[in-house]
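S.K.: Provided herewith is a single structure, encoded as structure tokens, for subsequent inquiry.
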Amino acid sequence: MIFPVSYNIDLNFNKAKVWSIISKQENLNLTHPFCKSNISLSWINGNHRDSLEYLNGVKLYREFYQWDEGCGYELKIGKKNGRKSTVKWRLIEKSNSRSNLRITVLPNIYSNKNFIIYIIAYLFVIRPGISKYLKSVLNGYKWYLVNRTPVPRNHFGSHKWFS
């Protein structure tokens, strides 16, 4: 059993502007506070794949399997030959000048363990850790949209899993 973790942010930018940033090749280099490097492996004809190296040296691979132009996408992320988590990005227009960006992670960890252990880990480790991570990532997009400069690394605080 896998429980999702979500976080969303309201942005004072229209949907088209936000989409132009979140769908841009290698955008994590500009927006992600824990990203050491984001390298495109393929970004053509709906085949979107890249790698993400975190500040602590952990390298993960992302493969986008659903692309809903202007509205969001879904991807798998994980070690090259390891288990993958699912990540869903959704962009909603709130008005002509406002939008909401939501990221939902379905972590593929502890899923084969005892249910009670998984619940305890989810409540006290997984959900708080992923929530803090998603909050920083979404604030990184907001920072970039407002300032038009790359987000400083660890700008919203360090993270024990990624810094």
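The values are calculated or read from the model by the stated rules, or taken from the named source; none is laboratory data. Note that the coordinates shown come from a computational prediction; the quantities given were computed from them, not determined experimentally. When we count neighbours, we look across all protein chains shown, and the Cβ atoms used for this are built from the backbone with ideal geometry, even at glycine. Protein only, heavy atoms only, side chains kept; ligands, DNA and RNA dropped before computing areas. Shrake-Rupley method; radii C 1.70, N 1.55, O 1.52, S 1.80 Å.
S.K.: Taking all pairs of different Cα atoms in the chain, averaging 1/r and flipping that mean, what Kirkwood radius in angstroms comes out?
M.R.: It works out to 16.3 Å.
S.K.: Can you sort LEU11, LEU106 by solvent-accessible area, 1.4 Å probe, largest first?
M.R.: Values: LEU11 0, LEU106 50 Å².
Output order, biggest surface exposure first: LEU106, LEU11.
S.K.: To continue, here is another question. On the full set of protein chains, 1.4 Å probe, figure out the accessible area of ASP68 and give it in Å² to the nearest 10.
M.R.: Per-residue accessible area (ASP68): approximately 80 Å².
S.K.: Another question about this same structure. Cα axis of helix 127-147 to longest principal axis of the chain: angle in degrees, 0 to 90, nearest 10?
M.R.: Roughly 10 degrees, rounded to the nearest 10.
S.K.: Right, another one. When the helices in the chain are scored as -39500 (n - 2.57) per DSSP H run of 4 or longer and the sum is shared across all residues, what 222 nm value do you end up with, to the nearest 500 deg cm²/dmol? Write down the numbers at each step before the final one.
M.R.: Values: 4 runs with 40 residues, N = 163.
Result for the chain: -7000 deg cm²/dmol, rounded to the nearest 500.
S.K.: Quick one: net charge around ILE21, please, counting Lys, Arg +1 and Asp, Glu -1 for every other residue with C-beta under 12 Å from its C-beta. The partial results should precede the final answer.
M.R.: Details: positive: LYS15, LYS17, LYS24, LYS142, ARG148; negative: GLU26.
Local charge sum for ILE21: +4.
S.K.: Could you work out the local net charge near ILE9, counting Lys and Arg as +1, Asp and Glu as -1, over the other residues with Cβ closer than 10 Å to its Cβ?
M.R.: Taking every Cβ under 10 Å from that of ILE9, the sum is +2.
S.K.: Here is a further query. Once you treat every alpha carbon in segment 38-114 as an equal point and sum by Debye, what is log10 I(q)/I(0) at q = 0.12, 0.24 Å⁻¹?
M.R.: -0.42, -1.17
S.K.: On a full-extension model of 0.36 nm per residue, what is the gain between ILE2 and TRP43, subtracting their alpha-carbon distance, rounded to one decimal in nm? Before the final figure, lay out the partial values.
M.R.: On the way: separation 41, 0.36 × 41 = 14.76 nm, distance 2.95 nm.
Length gained, ILE2 through TRP43: 11.8 nm.
S.K.: Also, I was wondering about something else. Treating the Cα atoms of segment 17-59 as identical point scatterers in vacuum, please give the log10 of the normalised Debye intensity I(q)/I(0) at q = 0.32 Å⁻¹, two decimals.
M.R.: Calculated log10 I(q)/I(0) at the listed q: -1.11.
S.K.: Just from the alpha-carbon atoms, what are the Rg and Dmax of segment 98-163 in angstroms?
M.R.: Final numbers for Rg and Dmax: 14.8, 46 Å.
S.K.: Next up: What accessible area, in Å² to the nearest ten, does a 1.4 Å probe give for LYS132?
M.R.: Estimated to the nearest 10 Å², LYS132 gives 100 Å².
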